[in-house]
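Visitor: Please read through the structure below; I'll follow up with questions.
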Amino acid sequence: MGAKIEKIEDIAASLPEWDFLKQLPENVGCFVKVPGRGIEGQILSILSYVDEEHHRRLDLIYTKETFDYIPVKMVGLHMYRDERFFCRDKERFAQLIKDNLPMLLEEISHDTVGSYSYEARRLNFAGWEFWKKLPKRIGPFELFITPDKPIQYINGSIIFLDYSDFEHQSQLYFMFNSFRIEVFGEMLQRNVPVTTNAFTVPTEDAQGCRNEISPVNILPQFSQLLEKYLQEHLDKLQREEFQTI
């Protein structure tokens, strides 16, 4: 038999008496335990660990949509659910979090040196020096994620570079996808997705035929695109000139 499905209101009402929450540490490294925000639509925010200085947090939530308890990671303006720990059983979820809390927080900590997949290592991120020449700040955008501390994201992607304007919730960030062997850029403008193809290393010629680009040549070509388009894109984001999706 599956786990009993409780009403989200009943779960919310039971939180003050849930021993699991009382037993969790008040601090883990730079992270501070804070109470959840309650019911917001179909989501019950149970509890969070927050590192405000470095724009990072781990939320423990329950979603009425799928009846799952889920840890949600936030790194800067990036928010994503950790699919390894989806769980419908309340006490099973509690045990999973108790067993894995240090690891979950370490994975999003500002001082953790991230790792690259085998496919990403073929591009030689370790030997890519160009990013070290990039400004730490361009207008209101700060260089937030760098290739020496990449973030494991979703759908086989790694975020290795990110310029963020936290006040206005705008950003330009760059990912490598292990499935497509592709580097590309994505953007938010006032927390709304906007698109660009300017930073994608071409994989087709003018006739639409696929080019077989050696992985070691992708980052040098990407460096040229950064040099050409980075300032322009950040300026346009600041002026809110991109058309929203």
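Here, each number is a calculation from the coordinates, and none is a lab measurement. All values derive from a computational prediction rather than experimental measurement. Backbone-built Cβ (ideal geometry, glycine too); neighbour counts: all protein chains shown.
Visitor: Fully extended, how many nm does the chain gain between Lys98 and Asn27 (0.36 nm per residue separation, minus their Cα-Cα distance)?
Guide: 24.2 nm
Visitor: Dipole of the chain, Cα-centred, from +1 at each Lys and Arg C-beta and -1 at each Asp and Glu C-beta, to the nearest 20 debye? Before the final figure, lay out each step's value.
Guide: On the way: 28 positive and 38 negative charges, 44 e Å.
Once rounded to the nearest 20, the dipole reads 200 debye.
Visitor: In degrees, nearest 10, range 0 to 90: what is the angle between the Cα axis of helix 215-239 and the longest Cα principal axis of the chain?
Guide: 70
Visitor: Given 0.36 nm per residue, what is the gain on full extension from Glu106 to Leu143 after removing their alpha carbon distance, in nm? Don't skip to the end; give the middle numbers.
Guide: Numbers: separation 37, 0.36 × 37 = 13.32 nm, distance 2.06 nm.
Fully extending the segment from Glu106 to Leu143 adds 11.3 nm.
Visitor: Can you tally the net charge around His54? Count Lys and Arg as +1, Asp and Glu as -1, for every other residue whose Cβ sits under 14 Å from the Cβ of His54.
Guide: That sum, taken over residues with Cβ under 14 Å, equals -4.
Visitor: Note down the relative contact order for the range 74-166 as a percent, whole number, built from C-alpha pairs under 8 angstrom at least six residues apart.
Guide: It rounds to 27 percent for the range 74-166.
Visitor: Another question about this same structure. What are the semi-axes of the equivalent ellipsoid of the chain, taken as the square roots of 5 times the eigenvalues of the Cα gyration tensor, listed largest first and rounded to whole Å?
Guide: 37, 19, 18
Visitor: Okay, next question. Please go through the range 127-208 and write out the trypsin sites (Lys or Arg not before Pro) that DSSP classes as loop and that have at most 16 other C-beta atoms within 10 Å. Present the calculation step by step, with values, prior to reporting the outcome.
Guide: Working: sites: Lys132, Lys133, Lys136, Arg137, Arg180, Arg190; in loops: Lys136, Arg180, Arg190.
Sites meeting the loop and neighbour criteria: Lys136, Arg180, Arg190.
Visitor: Output wanted: per-residue J couplings in Hz (rounded whole) for the range 169-175, from phi through Karplus 6.51 cos²θ - 1.76 cosθ + 1.60, θ = phi - 60°, x for Gly and Pro.
Guide: Once θ is set to phi - 60°, the couplings for the range 169-175 become 6, 10, 7, 10, 9, 10, 10 Hz.
Visitor: Per DSSP H run of at least 4 residues, take -39500 (n - 2.57); add these up for the chain, divide by its residues and hand me the 222 nm value, nearest 500 deg cm²/dmol.
Guide: About -7500 deg cm²/dmol.
Visitor: Additional query: Rounded if a/c is under 1.5, else prolate if a/b beats b/c, else oblate: with a ≥ b ≥ c from the C-alpha gyration tensor eigenvalues square-rooted, which is the range 89-227?
Guide: Note, shape of the range 89-227 comes out prolate.
Visitor: Taking the chain as the reference, fit the longest principal axis to its C-alpha atoms, fit the long axis of helix 90-108 to the helix C-alpha atoms, and give the angle between the two in degrees, 0 to 90, nearest 10.
Guide: Taking Cα atoms only, the helix is inclined about 30 degrees.
Visitor: Would you mind computing, in nm to one decimal, how far apart the modelled labels at Ser223 and Arg37 are, each placed 7 Å from Cα along Cα→Cβ?
Guide: Going from the Ser223 label point to the Arg37 one covers 4.1 nm.
Visitor: Mind listing the phi-derived Karplus ³J(HN,Hα) values for the range 72-88, rounded to whole Hz, using 6.51, -1.76 and 1.60 with θ = phi - 60°, and x for any glycine or proline?
Guide: 10, 9, 10, 10, x, 9, 8, 10, 8, 8, 8, 5, 5, 10, 4, 7, 8
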